[in-house]
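Data block below; observations after.
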Amino acid sequence: MGFEKFGIMSYTKETKVEDFVKHLEDGRIMGTRCKKCGTIIFPPRADCAKCLSSNIEWTPLSGRGKLITHTTAHFAPAGFEAPYTLALAELEEGVRVFTRICKDDEKDKLKIGMYVQLVTKRLGDERITYELKKI
Amino acid sequence: MHSKVAVVGVGQTTFTRSCGISIRELCFEAFREAIDDARNLSTEDIDGLIICSAPEYDKQRSPAGLIAEYLGLNPKPTFLAEAICASSSVGARIAWSFIRSGLHKIVAVIGFQKMSELTSAESQERMLRGGDIMWESPFGSMMPAYYAMFARAHMNEYGTTEEQLAKIKVKSGMYSMMNPKAMYQKETTVEKIMNSKIVASPLKVFDCCANADGASCIILASEEVAEKISDTPVWITGLGLASAPLSLASRKTVSSLSCAVEARKQAYKMAGLKARDVDVAEVHDCFTIAEIMAYEDLGFCKRGEGGKLIDNEETYIGGKIPVNVDGGLLSKGHPVGATGGSQIRTIVQQLRGEAGKTQVADAETGLVHNIGGIGLYGSIMIFSR
Ligand SMILES: [Zn+2]
């Protein structure tokens, strides 16, 4: 329990990495690191597919990265309100994140390759998410 | 043992927005057409039935059993194969293995989807869950958005333009006019497409394929019986099947589908040929950008030159490599589970020389590229006459 608070709408509440949400609430964006082989995983996972170890620890991410691609959705599935901009970014740590671009930046011309920062964002109803901001 | 495997019968229903009949009746139509299409074949000869469907659209739980009963195929074995939009290609691959192993001789592969079974709200809800439900669906990800992100990356990397995307749909519309089984039989223009509503930038309404109802059936047979059943057996000479991460964040590239590239390598190697040996191809154009990526992933042109290929009309009949001359998913409609079988049907007709107005002259080798979801399953099949 706890993961149901993540994102604009959630589809599952139980996961071994639900502490991710607690970290988000404290303003930290965390990945996991495999203690056996050192692989950094994001979005976080409790299990390392590289060495099959489940001996993992939380590790903070800088959140700094570059925009890889994006789209602005003008039609939204039920429960979402268009328009919104989805993006994929690669963080300094070499991992990628799929999320939204913050509303203020949405109107500006987004450029693939531009620097972005992944930040936590509180939503209503005690929900929490992360989004990308221009830097 | 180690028999060659041929397609000996093909059939499909007309793809429509809303078929107004039940799934059993839909499958029956495709099955009967495939049986009739084979010169010398009846229901009793079929020794296995593979049903292909994306079950989230089905009201009937475990539809394979129901369909086997309705077709009069009991007690022959039956089961469901699922790989979303690539379900019936995967079904064909399983049928190939069944026959190749010697376990079966003649197997029917029926793909179907009655997408109108769901309300649009239900259908949207399914669409959302097509992404990683923990890490991507919570942001409002959806099929067109993913392909829009591929398009944006491709445009940035290679200079592909929205006009080039539109030209894919123009070709599709033109050929759909010659396919009586296509859902849309409508010509269109670059201008009309460019002015259609944006769904997820840069993709517009006409860059996207539409939900449809429909069924397809292909019948596969072993070498020993194929020539008795059909005057024009079409042989499966290459098979490739691969996967890629469901989550976009886990992908290394977003301007290409790695599952297609991997499956292509397997299929070309097995068939012992190269891209230039393919005479006619069916590719999974669920969105216009998907066809451009397919040109490159299949090696029909160099990486980044997919836009140029359509500019030069090289994928029209008479060009270097005619692609989707049946209208493709964009105009035929995309009843998820039926699509792979419909693509195979088109290639089989081409290789038999039965494609009428859209016949590619002297087509000897054909290729089917069928993708599941946002590029998580990639199937490539190669056929020869
Ligand atoms: Zn590890």
With only Lys, Arg, Asp and Glu charged, each at its Cβ (+1 for the first two, -1 for the last two), find how big the charge dipole of the protein assembly as shown is about the Cα centre; round to the nearest 20 debye.
1140
With a 1.4 Å probe and all protein chains in place, put A:120, B:288 in order of accessible area, largest first.
A:120, B:288
Can you pull out the buried accessible area for chains A and B, both sides counted, probe 1.4 Å, rounded to the nearest 100 Å²?
2900
If the cut-off is 12 Å between C-alpha atoms, which aspartates and glutamates fall inside it for residue B:197, apart from same-chain ones fewer than 8 positions away?
B:207
Give the shape of the protein assembly as shown as rounded, prolate or oblate, defined through the alpha-carbon gyration tensor: a ≥ b ≥ c are the square roots of its eigenvalues, a/c under 1.5 means rounded, and otherwise the shape is prolate if a/b is larger than b/c and oblate if not.
prolate
Rg/Rh for the stretch B:265-385, where both radii come from Cα atoms and Rh is the Kirkwood radius:
0.92
Relative contact order for chain B, counting Cα pairs under 8 Å that sit 6 or more residues apart, in percent:
26
Over the protein assembly as shown, average the accessible area per residue using a 1.4 Å probe and give it in Å², no decimals.
39
Surrounding net charge for residue B:209, when Lys and Arg each add one and Asp and Glu each subtract one, Cβ distance under 11 Å:
-1
Counting each DSSP H run of 4 or more residues in chain B as -39500 (n - 2.57), what helix-only mean residue ellipticity at 222 nm follows after dividing by all residues, to the nearest 500 deg cm²/dmol?
-10500 deg cm²/dmol
In Å, descending, principal axis extents of the Cα set of the stretch B:1-106
42, 28, 25
Among A:84, A:114, A:11, pick out the residue whose Cα is farthest towards the positive end of the charge dipole of chain A, where Lys and Arg carry +1 and Asp and Glu carry -1 on C-beta, about the Cα centre.
A:114
Tell me, what % of the accessible area of the stretch B:1-47 is carbon and sulfur with a 1.4 angstrom probe?
45
Out of B:75, B:258, B:315, whose Cα points farthest toward the positive end of the dipole of the protein assembly as shown (charges: +1 Lys, Arg; -1 Asp, Glu; placed on Cβ)?
B:258
Please give me the summed charge of the neighbours of residue A:77: other residues whose Cβ is under 13 Å from its Cβ, Lys and Arg +1, Asp and Glu -1.
-2
Relative contact order of the stretch B:217-358 (C-alpha contacts under 8 Å, at least 6 apart) in percent is 23
What Rg and what Dmax come out for chain B when only alpha-carbon atoms are used, in angstroms?
19.2, 57
Mind listing the lone cysteines of chain A, meaning no other Cys beta-carbon sits under 4.7 Å from theirs?
A:102
For chain B, with +1 on Lys and Arg beta carbons and -1 on Asp and Glu, the positive-most of B:120, B:91, B:141 along the dipole:
B:141
Set of aspartates and glutamates near residue B:302 by C-alpha distance (under 18 Å), chain-local residues within fewer than 8 positions excluded:
B:157, B:262, B:277, B:279, B:291, B:311, B:313, B:314
Magnitude of the charge dipole, chain B, Cβ model with Lys/Arg +1 and Asp/Glu -1, debye to 20
440
Exceeding 27 Å between C-alpha atoms, which entries from my cross-link table qualify? They are A:111/B:308; A:103/B:192; A:107/B:167; B:114/B:265.
A:103/B:192; A:107/B:167; B:114/B:265
Length-normalised contact order for the stretch A:1-107 - Cα pairs under 8 Å, 6+ apart - percent
17
Let me spell out the model: positive unit charges on the Cβ of Lys and Arg, negative unit charges on the Cβ of Asp and Glu, origin at the Cα centre of the stretch B:189-270. What dipole size does that give, in debye rounded to 20?
600
Sorted by accessible area (1.4 Å probe), largest first, how do B:59, B:4 line up?
B:59, B:4
For the stretch B:203-216, just list the computed ³J(HN,Hα) in residue order, Karplus coefficients 6.51, -1.76 and 1.60, θ = phi - 60°, integers in Hz, with x standing in for Gly and Pro.
7, 10, 3, 7, 7, 10, 7, 10, 4, 8, 10, x, 9, 9
Taking a straight Cα-to-Cα line shorter than 17 Å from residue B:357, and setting aside same-chain lysines fewer than 8 residues away, one finds B:171, B:181, B:186, B:332
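The values are calculated or read from the model by the stated rules, or taken from the named source; none is laboratory data. For clarity, every value in this text was computed on a predicted model and none was experimentally measured. Glycine gets a Cβ as well: all are built from the backbone with ideal geometry, and neighbour counts include every protein chain shown. Each accessible area value is taken on the protein alone, full model and side chains, heavy atoms only, with ligands, DNA and RNA left out. Shrake-Rupley method; radii C 1.70, N 1.55, O 1.52, S 1.80 Å.
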